[in-house]
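Some notes on the structure that comes next.
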Amino acid sequence: MARVQVSEAEKVYILHGIRDDLRVDGRGCEDYRHMEIETDVVSNTDGSAKVTLGHTAVLVGVKAEIGKPRPTVPTEGYLEFFVDCSANATPEFEGRGGEELGTELSNTLYKVFNNKRSIDLKSLCICAGEHCWVLYVDVLLLQCDGNLYDAISVAIKAALFNTKIPKVHISSDDEGGKEIELSDDPYDCMRLNVENIPCIVTLCKVGHRHVVDATLQEKACSVASLIISVTHKGTITCMRKVGGGSLDPESIFEMTEAGKRVGKALHAPLMKLLEQEESLGKKRQKVGFLG
């Protein structure tokens, strides 16, 4: 994870501000930085999204390919995650510096998203035990300024909302085998129901309080963090503690309640924004370096 050096005087300034619910950039303890979301940004994918959260930028592409179902769940498709930590994001990722973080992020994303509570995996099944859709979700970190998990989860939800999977027609050949035909009509496609896909909320314990969407400077003052994935109903689907410090039961309870509150409030405006952008079609304005 990218880190910054913070002096003792800066730490005291940040701690005192958070204690009074006033952070360095003027936000309250449960406020996010300005977020920009753009979908359908990569042409050779089935779905894509770019999310900018403060100075953290993430690009996600989803590619749907036909594969074989796993033996334990023959009637379901599945998702595969790969996270690439670009050396442009921070000098610490040069060479193989970002491999460990990429693996850690991939494993967490797999636990959060690749389950039937988050997405209807049965809808990805083409022919039970033989063929299914496999969604390869590739995440590229373009800039790193803290709070990667939250930015990535929003980008994944937006990319899956944007994903268009071709309709499949199965026919039998002369020998009794099955032939799979994919529709070449771009409008004859299947869309995923992303309503139950959770968003990740990261809460950092700083002093005696906790903050949402911590910057790198605030992260340097934090002893431990709690990563919580929350659905649109406020249900927690996954929780993980990171960092070398400890959290007492009272802090965990307070952070969990705050995570549920913040996560639930995040879904409605996100879905409204995605549906609004979808309705604009080709009229929507391209922003950022992809415009």
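The values are calculated or read from the model by the stated rules, or taken from the named source; none is laboratory data. Remember, it's a predicted structure, so these values are computed and weren't measured experimentally. Glycine gets a Cβ as well: all are built from the backbone with ideal geometry, and neighbour counts include every protein chain shown. What goes into the accessible areas is simple: the full protein's heavy atoms, side chains included, and nothing from ligands, DNA or RNA. Shrake-Rupley method; radii C 1.70, N 1.55, O 1.52, S 1.80 Å.
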- Calculate what fraction, in whole %, of the accessible area of the chain sits on carbon and sulfur atoms when a 1.4 Å probe is rolled over the protein chains. 51 percent
- Query: Cross-link partners among aspartates and glutamates for Lys122, C-alpha distance below 15 Å, same-chain residues fewer than 8 apart left out?
  - Reply: Glu76, Glu130
- Set the Förster distance to 30 Å, then compute FRET efficiency between Ser183 and Ser86 from the Cβ-Cβ distance, nearest 0.05. 0.30
- Query: Mean Kyte-Doolittle of at least 1.0 and a Cα length of 20 Å or more along the axis: which whole DSSP H helices of the chain meet both?
  - Reply: 148-162
- Task: Name the most mobile residue of Ser118, Ser183, Ser229, meaning the one with the largest mean-square fluctuation, in a Gaussian network model of the chain with Cα contacts below 10 Å.
- Result: Ser183
- Item | Highest-MSF residue in the chain out of Glu38, Glu179, Glu76 [GNM, Cα springs under 10 Å] | Glu179
- Contour minus Cα-Cα distance for Leu273 and Ser43 (0.36 nm per residue): 80.7 nm
- Task: Let me have the relative contact order for the chain, percent, based on Cα pairs under 8 Å that are six or more residues apart.
- Result: 19 percent
- Message: Using a 7 Å offset from the Cα along the Cα-to-Cβ direction at both Ser246 and Arg19, what is the distance between the two label points in nm, to one decimal?
- Response: 2.3 nm
- Note on the structure: Between the residues Leu280, Phe161, Val223, the Cα farthest towards the positive end of the dipole of the chain, that dipole coming from +1 and -1 charges on the beta-carbon of Lys, Arg, Asp and Glu, is from Val223
- For the chain, set up a Gaussian network in which alpha carbons nearer than 10 Å are linked by springs, and say which option among Leu141, Leu109, Leu270 fluctuates the most. Leu270
- Rounded to the nearest 0.05, what FRET efficiency is calculated for Val12 and Tyr136 with R0 set to 51 Å and r the Cβ-Cβ distance? 0.65
- Query: Under a 1.4 Å probe, what is the accessible area of segment 21-98 per residue, stated in Å²?
  - Reply: 49 Å²
- Message: Could you give the length gained by full extension between Asp31 and Ile66, i.e. 0.36 nm per residue of separation minus their alpha carbon distance, to one decimal place?
- Response: 8.5 nm
- By accessible area (1.4 Å), largest first, His267, His55 order as His55, His267
- For the chain, max minus min Cα coordinate along each principal axis, in Å, sorted largest first? 78, 42, 40
